[in-house]
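Written below as structure tokens is the structure these notes are about.
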Amino acid sequence: MSDIFNTAFQGLTAYRKALSVTGENIANVDSEGYHRRDVLLDPAGGARGSVLSEGRSDSGLRGTDVRRALDWLAAARSRTAASDKAAADVLAPTLETLEGRLTEGGPREALSGMMRALAQAAAAPQNDGVRATVLAAGETLAASVADLGRDIDRMARGLSDRAAQTVTGANTTLEALARVQREIAGAGDGDSLAPLLDRRDRLVTDLAETVGVTVEPDARDPDLVRITLGDKPGRPALLDRGSAAHLDVDAQGTLTVRPPAVGAPAQTHVPETGRLGGLSQTLGALRATAGTLDGWAQKIADDMAAVHADGRTRAGDPGGALFSLDGWTVRPALANTGSAAAEVTAADAATAPAGELTFVRESGVWRGYDASGTEFATGADRIDVPGLSVTFPGEAADGDRFTLAPNHGAAENMRFLPTDPGQLAAGGAITVSPDSANTGGATLAVARTGPHTDAIDVRIRDAATGEVAIHDAADGDAIATDKLDADGRVSAGALSLTLTGAAATGDSYRVVFDSPGAADNRTFAALADLATEDPSSGLGGFGARYDDILADFGAQVSAARTRQEGTAAVKDRADRAMAEVSGVDLDTEAARLSSYQQAYEANARALNVAREIFETLLNSM
Amino acid sequence: MTIGNALFAELNIQSFRGLRGEISDLQGRIASGTQDPRASADPLRFVRLSAATEQQDTLGRYADNLRLAGDRLDHADTVLAEANQIAQRLGEIALRSATDSTGDDFRSALAAEVEQLRAALIDVANATDGGGESLFAGLSGVRAPFRESAEGDVAYHGDAAVQRLRTSETRSLQTGVSGAEAFLGVERADGQVGSVFDIVDDLAASIGAHPGARESAFAAEGGLRLSLDPDAGSGPTRLTVEGPDGRAEVAADVAAGSPGALVAAINAATAETGVTASVAPDGASIDLAGAGTISVSRIVQEGARGTGPAAEAVALDAGTPVGAPEALRPLRHDKQAQMDAVDTLQNHFADLRSKVGALGAAAESQGRTVENRQVMIREAVAGLEDLDVAAAITDLRTRLVTLQAAQQSFVKVSGLSLFDYLR
């Protein structure tokens, strides 16, 4: 009689447990990291004997085993996919943002404006208004390049900050993981184990999204895991039983891992996946782009300076540099107590003190020290030395300190140097004017091989023999007489003369040095010609080179986007595989609920029948 | 495959988010009317577009330069046409003045008109373009390159260089002619190159500035003394000597105030002329002697551009001057020489106009080429840059329908639940 009681009671208990587990599954349908629980309804080994009955071995049901639905392989794939996707999700959008910055409203338009202004100035070099447009266009170009350089630097610093915050989060996650591992180790096989394992796995997934990791069961306790960095052998451990490593990251995104084992040496690694991997890759791409931009800006400065130096200003001076990329990065000391700042207002690396410079407020004045610690200048609120001017606005306190680290050649320093239209060299250094009485059609070209400034007259004494005479234009004194060689060349002192075409005896040419006419536009025209590259000299072609930068960067962005889409698809598949094992499907749970409910009711009915039978038996006594 | 409700919802949410993002991008493109300019959107299109844009910028600069060059050349052509009209009037004056019936009064009036025309020519030579810059100053940038000195000489303060502007990948077009070429480079019939203003000055001089110097030849019986203009300076001098045995043209480099070289040249031709020469007692003049009538004529002093006589001559009787010396005009002041010179002037300006016209035509022709290239590039840029609105709208509608269908199917599927059937 007790058999039916026991069997019905055990079924009732088992299905109540199953219903409870199903309810838990339904309740956690949207809980992140929750693994579905499965109840294993084991047939009972036999109804135990009691005071009222003998033990039986072939009936009953026991619902004792509740298992987390987990597939280690699917979970590992999901974590790897999550790491890869997290990296791609950081890289692609940042590169897209930078590509938009590089493409729209940037230096490309400013460069076109500069070249257009130079072409217009070549048509009216004597017009100060037109020259002023060159100044404005040059300033716009320099400002747009500098803005872009600063934006890239800001983006890089933002990413570095983000990497630091991400590492802080990773350390918090690792500490939480260590705590949970310790709790798991002390939880035994009770009902509290599964929620702890869920929590642990959720933290592991969070960590995997932060930085790529390898997760393995602990050799001594299969409920615990051991986590190492990345997916290659020999990488440092991040979590070992109840101990966590500590992570640090530098401005370039390189990780330093201090392993959990006491006394283990710190290791540095460049993360490859996870958000930190994405940040590291993005920082690398930004640095490369900044370097390319620096090179492009330097080429503009160098090429334009080379052409401009060949020209002469109205005063007859050689054209100076048009652009400068010299500059210093100002770093205030953390211990500064005053509100003063330091601003570099003029910079010329060629003449400024070399190396890192330090400015210290001492006894009410600023003192400048060079890299060797030697004082090179003092000033109350500004310091001016050749090649460098630094102002210190704000209230300074004694002991305040600023360090200027040279970062010459950076695009963010780009400045347009001329401030007056007269500083622009529009004309050529050498002007050759054939005499109006010449009857021949030869052209004379003159080049200087050394210093020479006095105007000369070149006379063709005998066109047949190529005899030419060079006279001082001021006093008519003969300087040299010589014959042209087979190529029409002759040298005299620091001058090299080349005559091409048919000259006539008696023809003469006036050659003037460093005194261009106001309408002389040769240097402006040569600067405007830099819009396209000169294949022989390699000068110019700035626009095309910038487009090459954009095209190369676009290929990187395209690759990053493709990778993002690819990793998303892989993660989608991995999540589906994972969800198939661990996910909660309400229809399945509803079906089970219905099934368990019926079984529970049936067992309850069986218990009721057993009770009625038992009562009938009692009543019959 | 059963993936669980949470993932099902998450995947759908991601799908909706992606579709909304694409719709937003597409809507932005439709609003701007342009395709995504970034290289990553379409690398091949970007490369073609950047090349086309670069070409568009370059052609824009060429077009600007051609327009400016064309303007300056048009101005120069207009000014040279005016100069040509002046030269034509000078030719008429030269013709009238060469007529023997022209009286002194009318000759004076003609001389006055020549002076006016000379002033007009100076104005023309200092003409400016639309931007107020001198047309004929070369690269000097001088506002008034031709200035008249107190002595009445017109000097050029510009240079012989010419401004050029880039008008194609391989060509720079000159934007005019220099003042040296336009007003100092008149090539005479004898091959010598002179100034426009010297020709005008010669004409003025020949018309009436020196009425006594109307003859270019002097003849005397037995001997004459020839005094060359000391102001003519040093340089080659030519003259025709005629004596009882014939005539010869002699030439020598004469240093100012030192006629020895010319004396030697005349004596070298004694066999042809029967005339001998010697340096006069004053050391600066030449005494000519011969057995019969001797004459000197057609005096040419290269480099001399003054309006005064080339020389003075006086008959000698036993070495003593007889009567007052007579002024001799230089050959270039001869009537025919004047008409030839003014004719040369007209031809010079006509040639200049032809040259400027040819440059203008080249600018115009190249301008048309550049315009055609600009049209082609604009079309290429538009094809690469402009959005195919019809295709974009169709794409947008497709994506909207997809989004709506996805949303409705999600609602439908997620609305189905076995719990609805549990009692």
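The values are calculated or read from the model by the stated rules, or taken from the named source; none is laboratory data. Note that this is a predicted model, so its numbers are computed, not measured. For neighbour counting, all protein chains shown are included, and Cβ atoms are generated from backbone atoms with ideal geometry for every residue, glycine included.
Could you grab me the full set of residues in segment B:15-74 that are within 23 Å of A:A551 (Cβ to Cβ) and outside any helix (DSSP H, G or I)?
B:T34, B:Q35, B:D36, B:P37, B:R38, B:A39, B:S40, B:A41, B:D42
Among the numbered criteria (1) away from chain A (no Cβ under 11 Å); (2) crowded, with 18+ Cβ neighbours inside 10 Å, which single criterion is violated by B:R72?
(1)
On the basis of being modelled with pLDDT of 80 or more and of a type in the set (D, E), does B:E242 make the cut?
Considered against the rule, which asks whether it is modelled with pLDDT of 80 or more and of a type in the set (D, E), B:E242 comes out as yes.
Among (1) surrounded by fewer than 18 Cβ atoms within 10 Å (Cβ to Cβ); (2) more than 37 Å from the chain's Cα centre (by Cα), there is one condition A:A143 misses while meeting the rest; what is its number?
For A:A143, the exception is condition (2).
Can you tell me which of A:A335, A:A349, A:A340 is modelled with pLDDT under 90 and in a loop (DSSP other than H, G, I, E, B)?
Matching residue, one of A:A335, A:A349, A:A340: A:A349.
Being more than 13 Å from chain B (Cβ to nearest Cβ) and of a type in the set (G, A, S) is the filter; apply it to segment A:109-136 and report the residue that is farthest from A:N413 (Cα to Cα).
Going through the qualifying residues, I end up with A:A132.
Hey, A:A551 hits all of (1) more than 7 Å from chain B (Cβ to nearest Cβ); (2) surrounded by 16 or more Cβ atoms within 10 Å (Cβ to Cβ); (3) at pLDDT 90 or above but one; which does it fall short on?
Every condition holds for A:A551 apart from (1).
For residues that are touching a strand residue (DSSP E or B) at 6+ places or on another chain (Cβ under 7 Å) and in a helix (DSSP H, G or I), tally how many sit in segment B:173-204.
Of the residues in segment B:173-204, 6 are touching a strand residue (DSSP E or B) at 6+ places or on another chain (Cβ under 7 Å) and in a helix (DSSP H, G or I).
Go through (1) surrounded by fewer than 21 Cβ atoms within 10 Å (Cβ to Cβ); (2) modelled with pLDDT of 90 or more; (3) part of a helix (DSSP H, G or I); (4) not assigned by TED's automatic domain parsing to the domain that holds A:F9 one by one and return the number of the condition A:E533 breaks.
Single failed check for A:E533: (3).
Could you grab the pairs with beta carbons closer than 6 Å, sequence gap of 6+ or different chains, first residue in segment B:152-177 and of a type in the set (D, E, K, R), second one assigned to a strand (DSSP E or B)?
Listed by first residue and then by second, the contacts come to B:D159/A:S433; B:R164/B:S172; B:R164/B:Q174; B:R166/B:S172.
Checking the conditions here, which among B:V370, B:V401 is more than 14 Å from chain A (Cβ to nearest Cβ), assigned to a helix (DSSP H, G or I) and among the hydrophobic types (A, V, I, L, M, F, W, C)?
When all the criteria are applied, what remains is B:V401.
May I ask you to verify whether B:L359 is within 26 Å of the chain's Cα centre (by Cα) and more than 14 Å from every other protein chain (Cβ to nearest Cβ)?
Yes, satisfied.
Residues checked against (1) hydrophobic (A, V, I, L, M, F, W, C); (2) facing chain B (nearest Cβ under 7 Å); (3) crowded, with 17+ Cβ neighbours inside 10 Å:
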{"site": "A:A504", "(1), (2), (3)": "yes, no, no"}
{"site": "A:S515", "(1), (2), (3)": "no, no, yes"}
{"site": "A:A518", "(1), (2), (3)": "yes, yes, yes"}
{"site": "A:G543", "(1), (2), (3)": "no, yes, yes"}
{"site": "A:A560", "(1), (2), (3)": "yes, no, yes"}
{"site": "A:A569", "(1), (2), (3)": "yes, no, no"}
{"site": "A:R573", "(1), (2), (3)": "no, no, no"}
{"site": "A:E589", "(1), (2), (3)": "no, no, yes"}
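Consider only pairs whose beta carbons are under 6 Å apart and that are at least six residues apart or on different chains; among these, list those whose first residue lies in segment A:306-318 and is surrounded by fewer than 22 Cβ atoms within 10 Å (Cβ to Cβ) and whose second residue is not hydrophobic (A, V, I, L, M, F, W, C).
Partner pairs satisfying both residue conditions: A:A309/A:P318; A:A309/A:G319; A:R314/A:G422; A:G316/A:D514; A:G316/A:S515.
In segment A:520-541, which residues are free of Cβ contacts under 8 Å to residues at least 12 places away in the same chain and facing another protein chain (nearest Cβ under 10 Å)?
If the condition is that a residue be free of Cβ contacts under 8 Å to residues at least 12 places away in the same chain and facing another protein chain (nearest Cβ under 10 Å), then A:D529, A:G541 are the ones that fit.
Just for segment B:163-172: of the residues that are facing chain A (nearest Cβ under 10 Å) and either in a loop (DSSP other than H, G, I, E, B) or crowded, with 22+ Cβ neighbours inside 10 Å (or both), which one is farthest from the chain's Cα centre (by Cα)?
B:E169
Quick one: what pairs do we get from segment B:42-64, first residue facing another protein chain (nearest Cβ under 9 Å) and within 18 Å of A:F542 (Cβ to Cβ), second hydroxyl-bearing (S, T, Y) and assigned to a helix (DSSP H, G or I), C-beta under 9 Å, 6+ apart or different chains?
B:F46/A:T103; B:S50/A:Y546; B:T53/A:S112; B:E54/A:S112; B:D57/A:S112; B:G60/A:S112
Anything in segment A:218-245 that is more than 26 Å from A:A187 (Cβ to Cβ) and in contact (Cβ under 8 Å) with a residue 24 or more places away in the chain? List them, or say none.
Within segment A:218-245, A:L229, A:G230, A:D231, A:R235, A:P236 qualify.
It is to be established whether one or more residues within segment A:443-456 are under 26 Å from A:T140 (Cα atoms), assigned to a strand (DSSP E or B) and either in contact with a helix residue (DSSP H, G or I) (Cβ under 7 Å, 6 or more places away or on another chain) or not polar (S, T, N, Q) (or both).
Within segment A:443-456, not a single residue is under 26 Å from A:T140 (Cα atoms), assigned to a strand (DSSP E or B) and either in contact with a helix residue (DSSP H, G or I) (Cβ under 7 Å, 6 or more places away or on another chain) or not polar (S, T, N, Q) (or both).
For the structure I just gave you, tell me whether A:T168 is more than 30 Å from A:P107 (Cβ to Cβ), buried (at least 19 other Cβ atoms within 10 Å of the Cβ) and modelled with pLDDT of 95 or more.
In short, no.
Mind listing just one residue for me: the one in segment B:179-194 that is of a type outside the set (A, V, I, L, M) and within 8 Å of another protein chain (Cβ to nearest Cβ) and, of those, nearest to A:F524 (Cα to Cα)?
In this case the residue turns out to be B:E181.
Within segment A:493-523, count every residue that is assigned to a loop (DSSP other than H, G, I, E, B) and either outside the structural domain of A:V458 (by TED's automatic domain parsing) or not aliphatic (A, V, I, L, M) (or both).
Number satisfying all stated conditions: 13.
Any idea which of (1) of a type outside the set (D, E, K, R); (2) assigned by TED's automatic domain parsing to the domain that holds A:S20; (3) loosely packed, with under 15 Cβ neighbours inside 10 Å is the one A:Y596 doesn't satisfy?
That leaves (3) as the condition not met.
Do we find a residue being in contact with a Lys or Arg (Cβ under 6 Å, 6 or more places away or on another chain), outside any helix (DSSP H, G or I), surrounded by fewer than 21 Cβ atoms within 10 Å (Cβ to Cβ) and facing another protein chain (nearest Cβ under 10 Å) anywhere in segment B:1-9?
yes
Could you check segment A:174-225 and list, in sequence order, the residues that are farther than 28 Å from A:G277 by Cβ, among the basic types (K, R) and part of a helix (DSSP H, G or I)?
A:R182
When the residues of segment B:90-148 are filtered to those that are charged (D, E, K, R) and in a strand (DSSP E or B), which remaining residue is nearest to the other protein chains (Cβ to nearest Cβ)?
Checking each candidate, the answer is B:R147.
Determine if segment B:211-226 includes at least one residue that is away from chain A (no Cβ under 14 Å), farther than 30 Å from B:T276 by Cβ and not in a helix (DSSP H, G or I).
Scanning segment B:211-226, I find at least one residue that is away from chain A (no Cβ under 14 Å), farther than 30 Å from B:T276 by Cβ and not in a helix (DSSP H, G or I), so the answer is yes.
Got a sec? Which of A:A559, A:A555, A:A577 is of a type in the set (A, V, I, L, M, F, W, C) and either outside any helix (DSSP H, G or I) or touching a residue at least 24 places away in the same chain (Cβ under 8 Å) (or both)?
After ruling out the rest, the residue left standing is A:A577.
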